[in-house]
């Protein structure tokens, strides 16, 4: 989405709207743009890092469960031991 918003046709369209729109609408667009520049990129970075962290935790969980199922951890951790 950020990539699309930075393309020249979109930039031209937004500038045209700011110039030709009624004043309250133009001010609203400018205000939204300032907020997006100030907060948007940091927010996207945080969300991206949370997603990566989640994928890493899931991969570690799957690896541990696989090792436990194959017996590579040295003990029967799944509760299927001999009585």
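Any read-out appearing in this document is the output of simple, stated calculations on the displayed coordinates, not a laboratory observation. This one's a predicted model, so the numbers in the text were calculated from it and none came from an experiment.
The length gained on full extension between residue 26 and residue 41, counted as 0.36 nm times the residue separation minus their Cα-Cα distance, comes to 3.2 nm.
Considering the values (1) 19.1; (2) 14.7; (3) 17.5, which represents Kirkwood radius over Cα pairs in Å as calculated for the structure under consideration? Recomputing Kirkwood radius over Cα pairs in Å here picks out (3). Helix-only arithmetic for the chain: the sum of -39500 (n - 2.57) across DSSP H runs with n ≥ 4, divided by the residue total, places the mean residue ellipticity at 222 nm at -23500 deg cm²/dmol.
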